[in-house]
1. Can you tell me which residue in segment 103-131 is nearest to Phe191 (Cα to Cα), limited to those that are touching an Asp or Glu at 6+ places or on another chain (Cβ under 6 Å) and crowded, with 18+ Cβ neighbours inside 10 Å?
2. If you take the residues of segment 164-175 that are in a loop (DSSP other than H, G, I, E, B) and open to solvent by less than 10 Å² (accessible area, probe 1.4 Å), which of them is farthest from Phe200 (Cα to Cα)?
3. Tell me, which strands (runs of 3 or more DSSP E) lie completely within segment 228-290 with 3 or more residues that are charged (D, E, K, R), in contact with a Phe, Trp or Tyr (Cβ under 9 Å, 6 or more places away or on another chain) and modelled with pLDDT under 95?
4. Out of all the residues in segment 90-101, is one or more more than 17 Å from the chain's Cα centre (by Cα) and either of a type in the set (Ser, Thr, Tyr) or within 17 Å of Ala278 (Cβ to Cβ) (or both)?
5. I'd like the full set of residues that are on the phi > 0 side of the Ramachandran plot and of a type outside the set (A, V, I, L, M), limited to segment 1-46.
6. What's the number of the condition Lys294 fails, among (1) farther than 21 Å from Leu235 by Cβ; (2) open to solvent by 60 Å² or more (accessible area, probe 1.4 Å)?
7. Kindly list the number of the only condition in (1) over 18 Å from the mean Cα position of the chain (by Cα); (2) touching a residue at least 24 places away in the same chain (Cβ under 8 Å) that fails for Ile158.
8. Ile95 passes all but one of (1) open to solvent by 10 Å² or more (accessible area, probe 1.4 Å); (2) more than 28 Å from Met189 (Cβ to Cβ); which number fails?
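The values are calculated or read from the model by the stated rules, or taken from the named source; none is laboratory data. Quick caveat: nothing in here was measured; it's all calculated off a predicted structure. Methodologically, a virtual Cβ is constructed for each residue, glycine included, from the backbone with ideal geometry; neighbour enumeration extends over all protein chains shown. These accessible areas exclude ligands, DNA and RNA; they are computed on the full protein's heavy atoms, side chains included. Shrake-Rupley method; radii C 1.70, N 1.55, O 1.52, S 1.80 Å.
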Amino acid sequence: MTGEKVFVEGIKPNNDNSFLRAAIKDVFLKSTNNLEWLSRGDVVLLKPALNSDNPYPSTTHPLAISVILDILSNEGADVLLGDQSGLGHVVQDTIGVIRGHTRDNFIKSGMGTDEDQNFISFESKGWNEGFIHHRSDHTPSWPNGFYVTKCVEKADHIINLPRLSTHSQAGVTLGFKNMVGILRDDSRMDFHANGPFNNFIKREARGSTLKSVDDGSGTFIEKIVEISDSIKEKLRVTLFVATKAQATFGPNQSEVKFGKLEIAKAKIVNLNPEMVFASTDPVSVESFAFALMKDIRSNLPPLSKIFSSLILSSNEIVNQVDKIPVREQTFIRHAIDIGLGNMPDQIITNNIPTIIRERLERYLKET
(Lines give C-alpha, C1' and ligand atoms only; values in the text may rest on other atoms or scores of the structure.)
Protein backbone atom coordinates (compact mmCIF):
# COMPACT_ATOMS: atom_id res chain seq x y z
CA MET A 1 0.00 0.00 0.00
CA THR A 2 1.46 3.32 -1.05
CA GLY A 3 0.30 6.85 -1.55
CA GLU A 4 -2.21 6.72 1.27
CA LYS A 5 -4.10 9.78 2.44
CA VAL A 6 -5.35 10.83 5.84
CA PHE A 7 -8.49 12.96 5.75
CA VAL A 8 -8.84 15.39 8.67
CA GLU A 9 -11.84 17.60 9.42
CA GLY A 10 -11.74 20.25 12.12
CA ILE A 11 -14.84 21.29 14.06
CA LYS A 12 -15.06 24.31 16.32
CA PRO A 13 -16.17 23.11 19.79
CA ASN A 14 -19.90 23.65 20.28
CA ASN A 15 -22.92 21.96 21.78
CA ASP A 16 -24.58 21.23 18.44
CA ASN A 17 -23.92 17.62 17.47
CA SER A 18 -25.10 18.32 13.93
CA PHE A 19 -21.67 19.71 13.02
CA LEU A 20 -19.91 16.65 14.40
CA ARG A 21 -22.33 14.32 12.67
CA ALA A 22 -21.74 16.09 9.37
CA ALA A 23 -17.95 15.87 9.84
CA ILE A 24 -18.08 12.14 10.59
CA LYS A 25 -20.19 11.49 7.50
CA ASP A 26 -17.98 13.63 5.30
CA VAL A 27 -14.69 12.07 6.43
CA PHE A 28 -16.11 8.55 6.31
CA LEU A 29 -17.34 8.92 2.75
CA LYS A 30 -14.23 10.71 1.51
CA SER A 31 -11.85 8.21 3.05
CA THR A 32 -13.77 5.24 1.58
CA ASN A 33 -14.30 6.88 -1.82
CA ASN A 34 -18.05 6.82 -1.22
CA LEU A 35 -18.06 3.18 -0.09
CA GLU A 36 -16.75 1.92 -3.42
CA TRP A 37 -16.23 -1.55 -1.93
CA LEU A 38 -19.77 -2.00 -0.60
CA SER A 39 -22.55 -4.04 -2.24
CA ARG A 40 -26.06 -4.49 -0.90
CA GLY A 41 -26.23 -7.38 1.55
CA ASP A 42 -22.54 -7.25 2.49
CA VAL A 43 -21.75 -7.90 6.15
CA VAL A 44 -19.83 -5.02 7.76
CA LEU A 45 -18.28 -5.37 11.22
CA LEU A 46 -17.78 -2.16 13.20
CA LYS A 47 -15.10 -2.58 15.87
CA PRO A 48 -15.37 0.11 18.59
CA ALA A 49 -13.10 0.56 21.59
CA LEU A 50 -15.13 -0.87 24.46
CA ASN A 51 -12.48 -1.94 26.94
CA SER A 52 -14.63 -0.88 29.90
CA ASP A 53 -17.96 0.61 30.91
CA ASN A 54 -16.38 4.09 31.09
CA PRO A 55 -17.85 6.75 28.77
CA TYR A 56 -16.05 8.50 25.93
CA PRO A 57 -13.12 9.30 25.67
CA SER A 58 -12.22 6.07 27.50
CA THR A 59 -14.32 4.33 24.85
CA THR A 60 -15.39 5.18 21.30
CA HIS A 61 -17.52 8.28 20.73
CA PRO A 62 -21.15 7.09 20.38
CA LEU A 63 -21.71 9.35 17.35
CA ALA A 64 -18.97 7.55 15.43
CA ILE A 65 -21.03 4.40 15.71
CA SER A 66 -24.51 5.80 15.10
CA VAL A 67 -23.56 7.92 12.08
CA ILE A 68 -21.61 5.17 10.32
CA LEU A 69 -24.17 2.50 11.18
CA ASP A 70 -26.91 4.65 9.65
CA ILE A 71 -24.91 5.30 6.47
CA LEU A 72 -24.15 1.62 5.95
CA SER A 73 -27.66 0.45 6.77
CA ASN A 74 -29.13 2.94 4.31
CA GLU A 75 -26.84 1.46 1.64
CA GLY A 76 -28.21 -2.01 2.30
CA ALA A 77 -25.36 -3.42 4.41
CA ASP A 78 -25.88 -5.98 7.16
CA VAL A 79 -24.08 -4.17 9.99
CA LEU A 80 -22.62 -5.90 13.04
CA LEU A 81 -21.15 -4.02 15.98
CA GLY A 82 -18.96 -6.11 18.24
CA ASP A 83 -16.25 -6.24 20.87
CA GLN A 84 -15.10 -8.03 24.01
CA SER A 85 -14.17 -5.82 26.95
CA GLY A 86 -10.84 -6.12 28.75
CA LEU A 87 -9.95 -8.72 31.35
CA GLY A 88 -10.74 -6.30 34.14
CA HIS A 89 -14.38 -6.31 33.01
CA VAL A 90 -15.03 -9.59 31.19
CA VAL A 91 -13.28 -12.93 31.79
CA GLN A 92 -13.92 -16.11 29.82
CA ASP A 93 -12.17 -19.48 29.75
CA THR A 94 -12.89 -22.98 28.43
CA ILE A 95 -15.71 -23.42 30.96
CA GLY A 96 -17.54 -20.24 29.93
CA VAL A 97 -17.90 -16.62 31.00
CA ILE A 98 -16.55 -16.27 34.53
CA ARG A 99 -17.75 -12.71 35.04
CA GLY A 100 -18.87 -9.63 33.18
CA HIS A 101 -20.75 -9.01 29.94
CA THR A 102 -19.56 -6.73 27.16
CA ARG A 103 -23.15 -5.81 26.31
CA ASP A 104 -23.57 -4.35 29.82
CA ASN A 105 -20.51 -2.17 29.21
CA PHE A 106 -21.88 -1.17 25.80
CA ILE A 107 -24.97 0.22 27.52
CA LYS A 108 -23.34 1.72 30.62
CA SER A 109 -20.65 3.51 28.59
CA GLY A 110 -23.33 5.38 26.67
CA MET A 111 -22.31 3.76 23.41
CA GLY A 112 -25.72 2.17 22.87
CA THR A 113 -28.89 0.81 24.44
CA ASP A 114 -30.39 -2.58 25.16
CA GLU A 115 -32.52 -2.10 22.05
CA ASP A 116 -29.49 -2.27 19.74
CA GLN A 117 -29.84 -5.60 17.97
CA ASN A 118 -26.65 -5.08 15.93
CA PHE A 119 -24.37 -5.47 18.96
CA ILE A 120 -22.48 -8.71 19.59
CA SER A 121 -20.46 -9.57 22.69
CA PHE A 122 -17.76 -11.78 21.24
CA GLU A 123 -17.57 -13.89 24.41
CA SER A 124 -21.26 -14.78 24.04
CA LYS A 125 -20.49 -16.96 21.00
CA GLY A 126 -18.58 -19.54 23.05
CA TRP A 127 -14.94 -20.47 23.59
CA ASN A 128 -14.53 -22.95 20.74
CA GLU A 129 -17.58 -22.04 18.67
CA GLY A 130 -16.94 -18.30 18.70
CA PHE A 131 -13.24 -18.06 17.80
CA ILE A 132 -10.90 -19.17 15.02
CA HIS A 133 -7.13 -19.65 14.94
CA HIS A 134 -4.87 -17.31 12.96
CA ARG A 135 -1.20 -17.68 12.11
CA SER A 136 0.85 -16.51 9.12
CA ASP A 137 4.34 -15.59 7.99
CA HIS A 138 3.52 -12.04 9.12
CA THR A 139 2.88 -13.02 12.77
CA PRO A 140 6.38 -14.13 13.88
CA SER A 141 5.87 -12.88 17.44
CA TRP A 142 3.06 -15.43 17.83
CA PRO A 143 4.84 -18.74 17.11
CA ASN A 144 1.69 -20.66 18.02
CA GLY A 145 -0.70 -18.17 16.46
CA PHE A 146 -3.68 -16.59 18.22
CA TYR A 147 -7.47 -16.84 18.34
CA VAL A 148 -9.83 -14.15 17.01
CA THR A 149 -13.61 -13.87 16.94
CA LYS A 150 -15.37 -15.72 14.15
CA CYS A 151 -17.10 -12.44 13.33
CA VAL A 152 -13.92 -11.61 11.39
CA GLU A 153 -14.58 -14.64 9.21
CA LYS A 154 -18.26 -13.73 8.78
CA ALA A 155 -17.61 -10.12 7.79
CA ASP A 156 -17.04 -8.96 4.23
CA HIS A 157 -15.67 -5.63 5.49
CA ILE A 158 -14.31 -4.32 8.81
CA ILE A 159 -14.27 -0.74 10.07
CA ASN A 160 -12.04 0.19 13.00
CA LEU A 161 -13.37 2.91 15.35
CA PRO A 162 -10.75 3.54 18.05
CA ARG A 163 -10.45 6.36 20.56
CA LEU A 164 -7.50 8.71 21.13
CA SER A 165 -5.80 7.79 24.39
CA THR A 166 -2.58 7.00 26.15
CA HIS A 167 -2.19 3.60 27.82
CA SER A 168 -0.36 2.74 31.02
CA GLN A 169 1.08 -0.46 29.57
CA ALA A 170 1.36 0.10 25.80
CA GLY A 171 2.01 3.85 25.82
CA VAL A 172 -0.95 4.57 23.55
CA THR A 173 -4.19 2.85 22.62
CA LEU A 174 -5.06 3.81 19.07
CA GLY A 175 -6.03 1.78 16.00
CA PHE A 176 -3.75 -1.23 16.37
CA LYS A 177 -4.35 -1.60 20.11
CA ASN A 178 -8.10 -1.55 19.49
CA MET A 179 -7.83 -4.93 17.76
CA VAL A 180 -7.00 -6.61 21.08
CA GLY A 181 -10.78 -6.74 21.49
CA ILE A 182 -11.11 -9.43 18.80
CA LEU A 183 -8.83 -11.85 20.70
CA ARG A 184 -9.93 -14.80 22.80
CA ASP A 185 -8.86 -14.43 26.42
CA ASP A 186 -6.06 -17.03 26.31
CA SER A 187 -4.45 -15.05 23.50
CA ARG A 188 -4.91 -11.84 25.51
CA MET A 189 -3.02 -13.46 28.36
CA ASP A 190 -0.24 -14.51 25.96
CA PHE A 191 0.64 -11.01 24.75
CA HIS A 192 0.15 -9.35 28.15
CA ALA A 193 2.69 -11.78 29.61
CA ASN A 194 5.38 -9.97 27.58
CA GLY A 195 4.34 -6.54 28.82
CA PRO A 196 4.75 -4.33 31.87
CA PHE A 197 2.49 -4.62 34.94
CA ASN A 198 1.42 -8.14 33.98
CA ASN A 199 0.72 -8.94 37.63
CA PHE A 200 -2.35 -6.70 37.34
CA ILE A 201 -3.54 -8.74 34.35
CA LYS A 202 -3.05 -12.02 36.22
CA ARG A 203 -5.04 -10.61 39.12
CA GLU A 204 -7.87 -9.65 36.76
CA ALA A 205 -7.98 -13.25 35.48
CA ARG A 206 -8.45 -14.66 38.98
CA GLY A 207 -10.98 -17.47 39.29
CA SER A 208 -10.36 -18.65 35.73
CA THR A 209 -8.14 -21.34 34.24
CA LEU A 210 -6.29 -18.77 32.09
CA LYS A 211 -2.49 -19.03 32.20
CA SER A 212 0.13 -16.33 31.90
CA VAL A 213 3.51 -17.50 30.62
CA ASP A 214 6.17 -15.01 29.52
CA ASP A 215 7.94 -16.48 26.49
CA GLY A 216 10.86 -14.12 27.07
CA SER A 217 10.60 -12.59 23.60
CA GLY A 218 9.90 -9.04 24.77
CA THR A 219 7.48 -8.63 21.86
CA PHE A 220 4.56 -7.00 23.71
CA ILE A 221 3.95 -4.26 21.12
CA GLU A 222 4.83 -6.47 18.16
CA LYS A 223 2.20 -9.01 19.22
CA ILE A 224 -0.41 -6.25 19.42
CA VAL A 225 0.43 -5.00 15.92
CA GLU A 226 0.36 -8.49 14.42
CA ILE A 227 -3.28 -9.01 15.45
CA SER A 228 -4.17 -6.77 12.51
CA ASP A 229 -2.71 -9.33 10.11
CA SER A 230 -5.88 -11.36 10.74
CA ILE A 231 -8.11 -8.56 9.38
CA LYS A 232 -5.92 -6.76 6.85
CA GLU A 233 -7.73 -8.15 3.78
CA LYS A 234 -11.08 -6.93 5.11
CA LEU A 235 -10.17 -3.69 6.88
CA ARG A 236 -11.60 -0.83 4.85
CA VAL A 237 -11.00 2.23 7.02
CA THR A 238 -9.90 3.35 10.49
CA LEU A 239 -11.74 6.42 11.73
CA PHE A 240 -11.18 8.49 14.88
CA VAL A 241 -13.60 10.94 16.44
CA ALA A 242 -11.38 13.12 18.62
CA THR A 243 -13.29 15.83 20.43
CA LYS A 244 -11.42 14.78 23.58
CA ALA A 245 -8.36 12.70 24.37
CA GLN A 246 -7.02 10.89 27.40
CA ALA A 247 -3.49 12.26 27.63
CA THR A 248 -2.18 10.35 30.67
CA PHE A 249 -2.75 6.84 32.00
CA GLY A 250 -5.56 4.89 30.28
CA PRO A 251 -7.22 2.96 28.81
CA ASN A 252 -9.84 3.49 31.53
CA GLN A 253 -10.63 6.82 33.17
CA SER A 254 -8.63 5.84 36.26
CA GLU A 255 -6.03 3.23 37.16
CA VAL A 256 -7.55 2.05 40.44
CA LYS A 257 -11.03 2.39 41.92
CA PHE A 258 -12.11 1.81 45.50
CA GLY A 259 -15.83 2.48 45.45
CA LYS A 260 -16.15 6.13 44.44
CA LEU A 261 -12.46 6.81 45.10
CA GLU A 262 -10.43 6.95 41.88
CA ILE A 263 -6.62 6.91 41.89
CA ALA A 264 -4.43 8.05 38.99
CA LYS A 265 -7.23 9.51 36.90
CA ALA A 266 -6.56 10.04 33.22
CA LYS A 267 -6.02 13.65 32.21
CA ILE A 268 -8.75 14.47 29.70
CA VAL A 269 -7.97 17.18 27.15
CA ASN A 270 -10.62 18.98 25.11
CA LEU A 271 -9.38 19.44 21.55
CA ASN A 272 -9.70 22.79 19.81
CA PRO A 273 -10.44 22.31 17.04
CA GLU A 274 -12.14 18.98 17.56
CA MET A 275 -11.14 16.50 14.87
CA VAL A 276 -12.46 13.61 12.83
CA PHE A 277 -9.78 11.80 10.84
CA ALA A 278 -9.56 8.58 8.86
CA SER A 279 -7.59 6.58 6.33
CA THR A 280 -7.82 3.31 4.47
CA ASP A 281 -4.19 2.72 5.49
CA PRO A 282 -3.99 1.70 9.18
CA VAL A 283 -0.35 2.78 9.47
CA SER A 284 -1.02 6.22 8.00
CA VAL A 285 -3.88 6.98 10.37
CA GLU A 286 -1.99 5.50 13.34
CA SER A 287 0.93 7.78 12.50
CA PHE A 288 -1.33 10.83 12.43
CA ALA A 289 -2.91 9.81 15.75
CA PHE A 290 0.58 9.42 17.25
CA ALA A 291 1.53 12.89 16.03
CA LEU A 292 -1.64 14.32 17.54
CA MET A 293 -0.97 12.60 20.87
CA LYS A 294 2.56 14.00 20.90
CA ASP A 295 1.21 17.48 20.25
CA ILE A 296 -1.42 17.17 22.96
CA ARG A 297 1.07 15.87 25.51
CA SER A 298 3.56 18.63 24.70
CA ASN A 299 0.99 21.11 26.00
CA LEU A 300 0.01 19.27 29.18
CA PRO A 301 0.31 21.07 32.52
CA PRO A 302 3.68 20.13 34.05
CA LEU A 303 2.10 18.55 37.13
CA SER A 304 0.03 16.16 35.00
CA LYS A 305 3.11 14.91 33.16
CA ILE A 306 5.20 14.67 36.33
CA PHE A 307 2.50 12.72 38.20
CA SER A 308 2.04 10.30 35.31
CA SER A 309 5.81 9.84 34.93
CA LEU A 310 6.23 9.09 38.62
CA ILE A 311 3.44 6.51 38.74
CA LEU A 312 4.57 4.82 35.51
CA SER A 313 8.33 5.35 35.99
CA SER A 314 9.08 1.63 35.61
CA ASN A 315 7.46 1.45 32.16
CA GLU A 316 9.85 2.75 29.51
CA ILE A 317 7.24 2.17 26.79
CA VAL A 318 5.22 5.10 28.12
CA ASN A 319 8.23 7.41 28.09
CA GLN A 320 8.99 6.51 24.48
CA VAL A 321 5.73 8.09 23.26
CA ASP A 322 7.26 11.54 23.81
CA LYS A 323 10.91 10.72 23.17
CA ILE A 324 10.87 8.71 19.94
CA PRO A 325 9.87 10.06 16.48
CA VAL A 326 6.54 8.83 15.15
CA ARG A 327 8.06 6.72 12.37
CA GLU A 328 10.38 5.03 14.91
CA GLN A 329 7.61 4.04 17.33
CA THR A 330 7.42 0.23 17.56
CA PHE A 331 3.74 0.27 16.60
CA ILE A 332 4.59 2.09 13.36
CA ARG A 333 7.90 0.51 12.47
CA HIS A 334 6.71 -3.07 13.00
CA ALA A 335 3.43 -2.49 11.14
CA ILE A 336 5.39 -1.30 8.11
CA ASP A 337 7.79 -4.24 8.40
CA ILE A 338 4.98 -6.82 8.24
CA GLY A 339 3.18 -5.12 5.36
CA LEU A 340 0.22 -3.49 7.06
CA GLY A 341 0.74 -0.08 5.44
CA ASN A 342 2.96 2.96 5.21
CA MET A 343 3.50 6.44 6.55
CA PRO A 344 1.05 8.90 4.95
CA ASP A 345 1.90 10.63 1.70
CA GLN A 346 -0.82 13.25 2.10
CA ILE A 347 -2.62 14.82 5.05
CA ILE A 348 -5.75 16.42 3.59
CA THR A 349 -7.12 18.88 6.14
CA ASN A 350 -10.14 21.12 6.35
CA ASN A 351 -10.76 23.73 9.09
CA ILE A 352 -7.45 22.93 10.79
CA PRO A 353 -5.40 26.06 11.67
CA THR A 354 -2.13 26.28 9.74
CA ILE A 355 -0.03 26.41 12.91
CA ILE A 356 -1.50 23.11 14.16
CA ARG A 357 -1.23 21.42 10.77
CA GLU A 358 2.43 22.41 10.48
CA ARG A 359 3.22 21.09 13.97
CA LEU A 360 1.62 17.73 13.19
CA GLU A 361 3.45 17.50 9.87
CA ARG A 362 6.76 18.15 11.66
CA TYR A 363 6.08 15.25 14.03
CA LEU A 364 5.41 13.00 11.05
CA LYS A 365 8.64 14.04 9.29
CA GLU A 366 10.96 13.73 12.31
CA THR A 367 13.72 11.14 12.06
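1. Asn105
2. By that ranking, first place goes to Leu164.
3. Output list is empty.
4. We begin by selecting, within segment 90-101, every residue more than 17 Å from the chain's Cα centre (by Cα); these are 90-101.
From the residues that got through so far, the ones that are either of a type in the set (Ser, Thr, Tyr) or within 17 Å of Ala278 (Cβ to Cβ) (or both) too are 94.
Yes, segment 90-101 contains at least one residue that is more than 17 Å from the chain's Cα centre (by Cα) and either of a type in the set (Ser, Thr, Tyr) or within 17 Å of Ala278 (Cβ to Cβ) (or both).
5. Listed by number, the residues that qualify are Gly3, Asn33, Asn34, Gly41.
6. Failing condition for Lys294: (2).
7. (1)
8. Among (1) open to solvent by 10 Å² or more (accessible area, probe 1.4 Å); (2) more than 28 Å from Met189 (Cβ to Cβ), Ile95 violates only (2).
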